[in-house]
Amino acid sequence: MLYANHELAPQDAFADFHIAVTYGSPISRSVCEFKIDGFKPFTPLAVGEGFAFLEWGLNWCVTTYLHTWLTIHSAVLERHGRALILPAPPGSGKSTLCASLLLHGWRLLSDEMALLDPTTGLITPFPRPVSLKNQSINIIQGLSSDVVIGPVALDTMKGNVAHMRAPADSLRRSNEKVLPAWVIFPQYVANAPAQLTPRGKATSFMQLAENSFNQSAQGIKGFKSLTRLIDQCDCYDFSYGHLDEAMAIFAELPLPL
(Lines give C-alpha, C1' and ligand atoms only; values in the text may rest on other atoms or scores of the structure.)
Protein backbone atom coordinates (compact mmCIF):
# COMPACT_ATOMS: atom_id res chain seq x y z
CA MET A 1 0.00 0.00 0.00
CA LEU A 2 2.67 2.54 0.97
CA TYR A 3 5.14 1.57 -1.76
CA ALA A 4 2.51 1.14 -4.49
CA ASN A 5 3.93 4.04 -6.54
CA HIS A 6 7.55 2.89 -6.33
CA GLU A 7 9.18 1.09 -9.25
CA LEU A 8 9.79 -2.61 -8.67
CA ALA A 9 13.36 -3.49 -9.61
CA PRO A 10 14.12 -6.67 -11.60
CA GLN A 11 15.19 -9.66 -9.57
CA ASP A 12 18.74 -9.48 -10.94
CA ALA A 13 19.17 -5.72 -10.34
CA PHE A 14 22.03 -4.50 -8.16
CA ALA A 15 21.05 -3.63 -4.59
CA ASP A 16 23.12 -1.91 -1.92
CA PHE A 17 21.31 -3.83 0.82
CA HIS A 18 19.29 -7.02 1.00
CA ILE A 19 16.92 -6.49 3.90
CA ALA A 20 13.90 -8.18 5.43
CA VAL A 21 11.53 -7.86 8.34
CA THR A 22 10.73 -11.39 9.50
CA TYR A 23 7.99 -12.34 11.90
CA GLY A 24 8.43 -14.74 14.78
CA SER A 25 11.67 -15.85 16.38
CA PRO A 26 12.97 -18.77 18.42
CA ILE A 27 11.98 -16.76 21.49
CA SER A 28 8.47 -15.54 20.57
CA ARG A 29 5.98 -15.51 17.68
CA SER A 30 4.78 -12.06 18.74
CA VAL A 31 7.95 -10.22 17.66
CA CYS A 32 9.59 -9.24 14.38
CA GLU A 33 13.25 -8.85 13.44
CA PHE A 34 15.05 -6.57 11.00
CA LYS A 35 17.77 -8.24 8.94
CA ILE A 36 20.37 -6.78 6.57
CA ASP A 37 22.28 -9.41 4.59
CA GLY A 38 21.46 -11.87 7.36
CA PHE A 39 22.76 -9.58 10.12
CA LYS A 40 20.37 -8.54 12.93
CA PRO A 41 21.52 -5.12 14.23
CA PHE A 42 18.49 -4.43 16.46
CA THR A 43 16.55 -5.93 19.33
CA PRO A 44 13.29 -7.53 18.08
CA LEU A 45 10.12 -5.41 18.24
CA ALA A 46 6.44 -6.25 18.57
CA VAL A 47 4.79 -7.57 15.41
CA GLY A 48 2.58 -4.47 15.18
CA GLU A 49 5.68 -2.33 14.67
CA GLY A 50 6.83 -4.25 11.60
CA PHE A 51 6.42 -1.54 8.97
CA ALA A 52 7.88 1.16 11.22
CA PHE A 53 10.78 -1.23 11.87
CA LEU A 54 11.36 -1.49 8.11
CA GLU A 55 11.51 2.30 7.75
CA TRP A 56 13.77 2.81 10.77
CA GLY A 57 16.04 0.03 9.54
CA LEU A 58 16.31 1.55 6.06
CA ASN A 59 17.32 4.88 7.58
CA TRP A 60 19.96 3.12 9.66
CA CYS A 61 21.37 1.35 6.59
CA VAL A 62 21.82 4.61 4.69
CA THR A 63 23.27 6.66 7.54
CA THR A 64 25.59 3.85 8.68
CA TYR A 65 27.01 2.66 5.36
CA LEU A 66 26.49 5.19 2.56
CA HIS A 67 29.04 7.97 2.93
CA THR A 68 28.96 9.10 -0.68
CA TRP A 69 26.78 11.92 0.63
CA LEU A 70 26.90 14.11 3.67
CA THR A 71 23.73 13.00 5.48
CA ILE A 72 21.73 15.39 7.65
CA HIS A 73 18.75 14.46 9.80
CA SER A 74 16.08 16.65 8.26
CA ALA A 75 13.04 16.79 6.06
CA VAL A 76 13.76 18.12 2.56
CA LEU A 77 11.31 19.53 0.02
CA GLU A 78 11.56 21.40 -3.29
CA ARG A 79 9.72 24.33 -4.84
CA HIS A 80 10.62 26.29 -7.99
CA GLY A 81 13.79 24.22 -8.38
CA ARG A 82 15.26 25.00 -4.94
CA ALA A 83 15.43 22.86 -1.81
CA LEU A 84 14.13 23.58 1.68
CA ILE A 85 15.99 21.79 4.50
CA LEU A 86 14.18 21.32 7.82
CA PRO A 87 16.66 19.92 10.37
CA ALA A 88 15.17 19.12 13.75
CA PRO A 89 15.19 16.57 16.58
CA PRO A 90 12.18 14.28 17.28
CA GLY A 91 9.14 16.07 18.66
CA SER A 92 9.77 19.34 16.82
CA GLY A 93 6.89 18.96 14.36
CA LYS A 94 9.25 18.41 11.42
CA SER A 95 7.38 15.53 9.81
CA THR A 96 3.97 17.12 10.33
CA LEU A 97 5.22 20.28 8.65
CA CYS A 98 6.80 18.23 5.86
CA ALA A 99 3.57 16.30 5.18
CA SER A 100 1.52 19.48 5.10
CA LEU A 101 3.97 21.20 2.72
CA LEU A 102 3.93 18.33 0.24
CA LEU A 103 0.11 18.54 0.26
CA HIS A 104 0.45 22.24 -0.60
CA GLY A 105 2.51 21.89 -3.76
CA TRP A 106 6.02 21.17 -2.51
CA ARG A 107 7.91 18.13 -3.87
CA LEU A 108 9.06 15.57 -1.31
CA LEU A 109 12.77 14.79 -1.40
CA SER A 110 12.87 13.08 1.98
CA ASP A 111 11.14 13.13 5.34
CA GLU A 112 14.19 11.85 7.21
CA MET A 113 17.48 12.95 5.66
CA ALA A 114 19.14 15.39 3.34
CA LEU A 115 21.66 13.63 1.09
CA LEU A 116 24.14 16.38 0.19
CA ASP A 117 26.62 15.69 -2.60
CA PRO A 118 29.99 17.07 -1.34
CA THR A 119 31.19 17.64 -4.90
CA THR A 120 28.21 19.41 -6.51
CA GLY A 121 26.44 20.81 -3.44
CA LEU A 122 23.15 19.35 -4.73
CA ILE A 123 20.57 17.38 -2.72
CA THR A 124 19.82 13.86 -3.96
CA PRO A 125 16.10 12.99 -3.56
CA PHE A 126 15.22 9.98 -1.40
CA PRO A 127 11.39 9.99 -1.33
CA ARG A 128 9.81 7.34 0.91
CA PRO A 129 6.76 7.21 3.18
CA VAL A 130 6.50 10.11 5.64
CA SER A 131 6.55 9.17 9.34
CA LEU A 132 3.73 10.64 11.43
CA LYS A 133 3.27 10.36 15.16
CA ASN A 134 0.43 10.63 17.65
CA GLN A 135 -1.99 13.54 16.96
CA SER A 136 -0.28 14.33 13.64
CA ILE A 137 -1.72 11.17 12.09
CA ASN A 138 -5.32 12.39 12.27
CA ILE A 139 -4.36 16.00 11.51
CA ILE A 140 -2.66 15.10 8.22
CA GLN A 141 -5.36 12.54 7.34
CA GLY A 142 -7.90 15.34 7.61
CA LEU A 143 -6.09 17.67 5.19
CA SER A 144 -6.91 15.77 1.99
CA SER A 145 -8.97 12.82 0.80
CA ASP A 146 -5.96 11.78 -1.31
CA VAL A 147 -3.79 11.06 1.74
CA VAL A 148 -2.96 7.36 2.13
CA ILE A 149 -1.80 6.38 5.63
CA GLY A 150 -0.86 2.86 6.65
CA PRO A 151 -1.68 0.97 9.85
CA VAL A 152 -0.85 2.62 13.17
CA ALA A 153 1.87 1.02 15.28
CA LEU A 154 0.76 1.58 18.86
CA ASP A 155 2.93 2.41 21.87
CA THR A 156 6.30 2.32 20.09
CA MET A 157 9.37 4.01 21.54
CA LYS A 158 8.20 7.08 19.58
CA GLY A 159 4.53 6.82 20.57
CA ASN A 160 1.85 5.88 18.03
CA VAL A 161 3.43 5.85 14.56
CA ALA A 162 1.98 5.60 11.04
CA HIS A 163 3.36 6.38 7.60
CA MET A 164 1.95 8.43 4.73
CA ARG A 165 2.48 7.29 1.14
CA ALA A 166 4.90 9.44 -0.86
CA PRO A 167 3.28 11.33 -3.79
CA ALA A 168 3.66 9.72 -7.21
CA ASP A 169 5.07 12.95 -8.69
CA SER A 170 7.87 13.01 -6.13
CA LEU A 171 8.81 9.46 -7.12
CA ARG A 172 8.72 10.21 -10.84
CA ARG A 173 11.15 13.07 -10.27
CA SER A 174 13.46 11.25 -7.87
CA ASN A 175 16.43 11.65 -10.24
CA GLU A 176 16.13 15.46 -10.24
CA LYS A 177 18.79 16.78 -7.85
CA VAL A 178 18.20 20.18 -6.27
CA LEU A 179 20.28 23.15 -5.14
CA PRO A 180 19.54 24.13 -1.50
CA ALA A 181 18.06 27.57 -0.81
CA TRP A 182 16.71 27.56 2.75
CA VAL A 183 17.74 25.99 6.07
CA ILE A 184 14.89 26.40 8.55
CA PHE A 185 14.87 24.98 12.08
CA PRO A 186 11.23 24.22 12.96
CA GLN A 187 9.65 23.93 16.40
CA TYR A 188 6.00 23.18 17.12
CA VAL A 189 4.60 25.27 20.00
CA ALA A 190 0.98 24.53 20.84
CA ASN A 191 -1.37 27.38 19.86
CA ALA A 192 1.51 29.79 19.23
CA PRO A 193 1.38 32.15 16.22
CA ALA A 194 3.64 31.20 13.32
CA GLN A 195 6.90 33.12 13.42
CA LEU A 196 9.84 33.03 10.99
CA THR A 197 12.99 34.63 12.41
CA PRO A 198 16.30 35.12 10.55
CA ARG A 199 19.13 33.16 12.12
CA GLY A 200 22.88 33.77 12.08
CA LYS A 201 24.95 31.57 9.80
CA ALA A 202 27.51 30.63 12.46
CA THR A 203 24.93 29.19 14.87
CA SER A 204 23.07 27.63 11.92
CA PHE A 205 26.26 25.84 10.89
CA MET A 206 26.82 24.48 14.40
CA GLN A 207 23.27 23.17 14.76
CA LEU A 208 23.32 21.69 11.27
CA ALA A 209 26.57 19.90 12.15
CA GLU A 210 24.85 18.47 15.24
CA ASN A 211 22.08 17.11 12.98
CA SER A 212 24.56 15.50 10.56
CA PHE A 213 25.10 11.75 10.81
CA ASN A 214 28.55 11.66 9.22
CA GLN A 215 30.05 15.15 9.02
CA SER A 216 32.84 14.27 11.44
CA ALA A 217 33.57 11.03 9.57
CA GLN A 218 34.04 13.00 6.35
CA GLY A 219 36.56 15.32 8.00
CA ILE A 220 37.54 18.45 6.07
CA LYS A 221 35.32 17.43 3.13
CA GLY A 222 32.28 17.33 5.40
CA PHE A 223 33.21 20.65 7.00
CA LYS A 224 33.55 22.34 3.62
CA SER A 225 30.27 20.82 2.41
CA LEU A 226 28.35 22.23 5.36
CA THR A 227 30.09 25.59 4.99
CA ARG A 228 29.07 25.86 1.35
CA LEU A 229 25.52 24.79 2.18
CA ILE A 230 25.15 27.48 4.84
CA ASP A 231 26.76 30.14 2.63
CA GLN A 232 24.27 29.62 -0.19
CA CYS A 233 21.15 29.36 1.98
CA ASP A 234 18.99 31.75 3.96
CA CYS A 235 18.73 30.48 7.55
CA TYR A 236 15.77 30.87 9.90
CA ASP A 237 14.17 29.67 13.10
CA PHE A 238 10.49 28.84 12.68
CA SER A 239 7.92 28.24 15.41
CA TYR A 240 4.29 27.43 14.74
CA GLY A 241 1.12 26.25 16.41
CA HIS A 242 -1.24 26.06 13.43
CA LEU A 243 -0.53 24.53 10.04
CA ASP A 244 -2.62 27.00 8.05
CA GLU A 245 -0.49 29.90 9.31
CA ALA A 246 2.68 27.90 8.61
CA MET A 247 1.61 27.19 5.02
CA ALA A 248 0.96 30.89 4.38
CA ILE A 249 4.48 31.80 5.53
CA PHE A 250 6.20 29.09 3.50
CA ALA A 251 4.24 30.08 0.40
CA GLU A 252 5.95 33.49 0.57
CA LEU A 253 9.53 32.36 1.25
CA PRO A 254 11.87 34.58 -0.80
CA LEU A 255 14.75 33.03 -2.70
CA PRO A 256 18.23 33.87 -1.37
CA LEU A 257 19.89 36.86 -3.00
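The values are calculated or read from the model by the stated rules, or taken from the named source; none is laboratory data. Bear in mind that the values here come from a model prediction, so they are computed numbers and not experimental data. Methodologically, a virtual Cβ is constructed for each residue, glycine included, from the backbone with ideal geometry; neighbour enumeration extends over all protein chains shown. These area figures cover heavy atoms from the full protein model, side chains too; ligands, DNA and RNA do not enter into them. Shrake-Rupley method; radii C 1.70, N 1.55, O 1.52, S 1.80 Å.
General remarks:
- Among (1) of a type in the set (Val, Ile, Thr); (2) open to solvent by less than 10 Å² (accessible area, probe 1.4 Å); (3) out of contact with any Cys (no Cβ under 8 Å at 6 or more places or on another chain); (4) within 24 Å of residue 207 (Cβ to Cβ), the one test that residue 140 misses: (4)
- In segment 36-58, residue least open to solvent (accessible area, probe 1.4 Å) [restricted to those that are over 22 Å from the mean Cα position of the chain (by Cα) and more than 21 Å from residue 152 (Cβ to Cβ)]: 38
Residues checked against (1) open to solvent by 30 Å² or more (accessible area, probe 1.4 Å); (2) out of contact with any strand residue (DSSP E or B) (no Cβ under 8 Å at 6 or more places or on another chain):
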residue: 161; (1), (2): no, no
residue: 164; (1), (2): no, no
residue: 168; (1), (2): yes, yes
residue: 200; (1), (2): yes, no
residue: 220; (1), (2): yes, yes
residue: 223; (1), (2): yes, yes
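- When segment 83-108 is limited to residues that are among the hydrophobic types (A, V, I, L, M, F, W, C) and part of a loop (DSSP other than H, G, I, E, B), the one that is nearest to residue 72 (Cα to Cα) turns out to be 88.
- The residues of segment 133-173 that are more than 13 Å from residue 48 (Cβ to Cβ), more than 18 Å from the chain's Cα centre (by Cα) and among the acidic types (Asp, Glu) amount to a single one, 146.
- Pair list, Cβ < 8 Å and 6+ apart or interchain, from segment 133-150 residues that are assigned to a loop (DSSP other than H, G, I, E, B) to residues that are β-branched (Val, Ile, Thr): 147/140
- Subset of segment 5-35 [over 25 Å from the mean Cα position of the chain (by Cα) and either part of a strand (DSSP E or B) or surrounded by 12 or more Cβ atoms within 10 Å (Cβ to Cβ) (or both)]: 23, 24, 25, 30, 31
- The listed residue being in contact (Cβ under 8 Å) with a residue 12 or more places away in the chain, more than 17 Å from residue 149 (Cα to Cα) and surrounded by fewer than 22 Cβ atoms within 10 Å (Cβ to Cβ), out of 116, 122, 109: 122
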